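Written out below as structure tokens is the structure these notes cover.
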Amino acid sequence: MGVYDERRPGGLPPGELDPALWRCGERVRRLEVRWKSGLAGHALNDVGALTRLLNVIVQDSALPSLPDAIGDLAALRSLEVDGNALQGFPTALSKLAGTLEALSAARNSLASPSGIAPIAALGGLVTLNLSNNRLASVGALDLLTKVHLVSLSLSNNQISELPDACWEGPMMLQRFDVAGNRIEELPPGMGVMKEKKLTELLLDENPLRDGKIRNMLQNSAVVSKDVLTYLRKQKGKKGKPNSKAKAKKHEDSEESEADAAPEPPPPPPPPPPASKAKGKKNKGKAKVEVDSDAEAKEVG
């Protein structure tokens, strides 16, 4: 194990680690660094030389970025980089998809979706901690692929909404912490998760608009069970229109059919009234009225 802090070997440029560290090669399984005065961006560029590292801990060291060489640590199981100045992860991190089980990057400056996108490939993660950053969304994590995830902490970010269609993936999740965000609504899709697994659901300090969920947070000892049951019911309601909606739909359908049907032809005009002959006894002539507009004709 190699443990380094800023009190260890002197005479080095600011932010540099002792080059002798990288010559330890396969003998080092755990590397732990705390450099409160701040590590340089290239300080870990040679970490790939420690080919059998299982655990890397670089905390509270103001590290601005991780090197691509982190992807060369083929045996790495755990990466803890809390309390640094990271704005994102290198794309090489995705090379650890088959081995990395724990990733913790709390108290950094993670904000953009592209910065956390390399995590999407890490399907073997069991624990993921990205709390105390500036994330506004988590879709880039691709939670649908995190089938082994047991603990997910996203507290104290700026998340305004959670994805709806990814919760069939992390069905092993036992602890989900999104306290201290800007979430107003919980997606009904979360209801597919099982309360027997998800026993710890932390939602405090969010501006949730649903009064029923707010009451659950205040009154229930097992929030996850009540919330998941409620979300399942909400999802069912969204899938079935209510009776008023059905009636309105039926009326609209009848109106549409009536509009589409051709208009019937106008009825034929009524036949003219039967003619009546009027005669006079003193003359041998008769007048016949054909219609109101025609002239009278004499016949006789």
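The conditions are (1) touching a residue at least 40 places away in the same chain (Cβ under 8 Å); (2) of a type in the set (A, V, I, L, M, F, W, C); (3) in contact with a Phe, Trp or Tyr (Cβ under 8 Å, 6 or more places away or on another chain), and ALA106 fails exactly one of them. Which is it?
(3)
Each row is one residue, and each column tells you yes or no for (1) among the small types (Gly, Ala, Ser); (2) under 19 Å from GLU32 (Cβ atoms); (3) open to solvent by less than 10 Å² (accessible area, probe 1.4 Å).
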site: ALA62; (1), (2), (3): yes, yes, no
site: ALA69; (1), (2), (3): yes, yes, no
site: LEU76; (1), (2), (3): no, yes, yes
site: GLN87; (1), (2), (3): no, no, no
site: ALA102; (1), (2), (3): yes, yes, no
site: ASN108; (1), (2), (3): no, yes, no
site: ALA111; (1), (2), (3): yes, no, no
site: ALA121; (1), (2), (3): yes, no, no
site: LEU125; (1), (2), (3): no, no, yes
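When you scan region 63-70, do you find a residue that is within 17 Å of LEU125 (Cβ to Cβ), in contact (Cβ under 8 Å) with a residue 24 or more places away in the chain and either in contact with a helix residue (DSSP H, G or I) (Cβ under 7 Å, 6 or more places away or on another chain) or of a type outside the set (Lys, Arg) (or both), even just one? Steps first, please.
Step one: filter region 63-70 for residues within 17 Å of LEU125 (Cβ to Cβ), giving 66, 70.
After this cut, where a residue has to be in contact (Cβ under 8 Å) with a residue 24 or more places away in the chain as well, the list is 66, 70.
Those still in the list that are either in contact with a helix residue (DSSP H, G or I) (Cβ under 7 Å, 6 or more places away or on another chain) or of a type outside the set (Lys, Arg) (or both) too: 66, 70.
Yes, the conditions are met somewhere in region 63-70.
Run down GLY98, GLY115, GLY124 and say which single residue is at pLDDT 95 or above and either more than 20 Å from SER160 (Cα to Cα) or in a strand (DSSP E or B) (or both). Before the answer, list the steps.
Numbers: GLY98 fails: at pLDDT 95 or above; GLY115 fails: either more than 20 Å from SER160 (Cα to Cα) or in a strand (DSSP E or B) (or both).
Only one candidate qualifies: GLY124.
For region 137-156, check the following and say yes or no: at least one residue is in contact with a helix residue (DSSP H, G or I) (Cβ under 8 Å, 6 or more places away or on another chain), open to solvent by 20 Å² or more (accessible area, probe 1.4 Å), hydrophobic (A, V, I, L, M, F, W, C) and under 26 Å from GLY88 (Cβ atoms).
Taking every residue of region 137-156 in turn, at least one turns out to be in contact with a helix residue (DSSP H, G or I) (Cβ under 8 Å, 6 or more places away or on another chain), open to solvent by 20 Å² or more (accessible area, probe 1.4 Å), hydrophobic (A, V, I, L, M, F, W, C) and under 26 Å from GLY88 (Cβ atoms).
One residue is enough: does region 215-238 have a residue meeting the conditions free of Cβ contacts under 8 Å to residues at least 12 places away in the same chain, surrounded by 16 or more Cβ atoms within 10 Å (Cβ to Cβ) and not in a loop (DSSP other than H, G, I, E, B)?
Yes - at least one qualifying residue is present in region 215-238.
Using the structure shown, decide if VAL178 is modelled with pLDDT of 95 or more, touching a strand residue (DSSP E or B) at 6+ places or on another chain (Cβ under 9 Å) and aliphatic (A, V, I, L, M).
Values: modelled with pLDDT of 95 or more: yes; touching a strand residue (DSSP E or B) at 6+ places or on another chain (Cβ under 9 Å): yes; aliphatic (A, V, I, L, M): yes.
Taking the combined requirement at face value, the residue satisfies it.
The values are calculated or read from the model by the stated rules, or taken from the named source; none is laboratory data. These numbers come from a predicted model, not from an experiment. Cβ: placed from backbone, ideal geometry, glycine included. Neighbour counts: every protein chain shown. Areas reflect the complete protein model, heavy atoms only, side chains present, ligands, DNA and RNA absent. Shrake-Rupley method; radii C 1.70, N 1.55, O 1.52, S 1.80 Å.
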